[in-house]
Ligand code: UDP
């Protein structure tokens, strides 16, 4: 098999050189990490599910005119994407208090927020991705004021889309994280949604029962992560046909 050039290896994905200039192949691994990689495991089938789910969300976003880096899914674990310059910020949108916000403000998880709140963390594992005010972002030159305005607008469109899609299958979108990249067209720069959108980077609660269907299942040892992600994929109708959920063996007579 021809060896491809590895460009970057992250915690959940690996990037390889793409077939044409300006493209990359994004490979979804089964590795799960939490708490800045202090907790780690391999969850069989997670990469396949996230590849499908991210394809589904990115394709839907493109259909409503939100630009993304996604080009096409290549196989069970890989997708072709545009090479972008990632802005070193995690863009977090929250509809309900949870996780670090609930802790910081002493709010009960699930408290509805007065409006969707967009916040930024500086992408730096050594520092534990600290929350940063917009003033830092501009002062340190990570993004301009114009970029920030565009990022907030983009993030809120993703929020509306994702909230609606999830609501349609009985799931509440509590919060999520996206990464945004710069795509250059000559001197012109465009901001696009990059990285992935999957239950690894969202909080998803069943509307009826409040059951968690996202990475908190792994973070908080609440059961099978594959079952949770499979539930999301099945409700959305994007469950890959040829993946047998590893946690549900079927007896063959
Ligand atoms: N998130 C993420 N990657 C990170 C940090 C957060 O995908 O490195 C997502 C997380 O899954 C949640 C949202 O961003 O949907 C808000 O996370 P929060 O700030 O509450 O952090 P956490 O509680 O995960 O530490």
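We did not get these values from a lab; they are worked out from the coordinates using the rules stated. Just so it is clear, the model here is predicted, and its values are computed rather than measured. Backbone-built Cβ (ideal geometry, glycine too); neighbour counts: all protein chains shown.
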| request: Assuming R0 = 22 Å, can you tell me the calculated FRET efficiency for the pair residue 165 and residue 220, based on Cβ-Cβ distance, to the nearest 0.05? | output: 0.35
| note | Taking the chain and counting helices only, DSSP H stretches of n ≥ 4 at -39,500 (n - 2.57) each over all residues, the nearest-500 ellipticity at 222 nm comes to -8500 deg cm²/dmol
| Mean projected area (nm²) of the alpha-carbon convex hull when region 1-127 is viewed from all directions | 10.2
| Highest mean first, what order results for 98-107, 34-43, 202-211, 176-185 on Cβ atoms within 10 Å? | 176-185, 202-211, 98-107, 34-43
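For the chain, what is the Kirkwood hydrodynamic radius in Å, using each pair of distinct C-alpha atoms?
Details: mean 1/r = 0.0527 Å⁻¹.
In the chain this quantity evaluates to 19.0 Å.
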| message | Which one, 221, 160, 175, has the greatest fluctuation when you compute a Gaussian network model over the chain with C-alpha springs under 10 angstrom? | response | 221
| field | Label-point separation in nm, residue 100 to residue 3, each point 7 Å along Cα→Cβ | value | 3.8
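To the nearest 0.05, how large is the calculated FRET efficiency for residue 127 and residue 107 if R₀ is 25 Å and r is the Cβ-Cβ distance? Write down the numbers at each step before the final one.
Numbers: r = 24 Å, r/R0 = 0.98.
The computed FRET efficiency comes out at 0.55.
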| remark: Using alpha carbon centers only, region 76-100 is separated from region 1-75 by a whole-angstrom value of 11
| remark: For region 127-202 the translational diffusion coefficient, Stokes-Einstein from a Kirkwood Rh over Cα pairs at 4 °C and viscosity 1.567 mPa s, in µm²/s, is roughly 91
| note | In Å, the C-alpha Rg and Dmax of region 14-79 are 13.5, 38
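From the Cα gyration tensor of region 73-175, with a ≥ b ≥ c the square roots of its eigenvalues, which class applies: rounded if a/c is under 1.5, or else prolate if a/b is larger than b/c, or else oblate?
oblate
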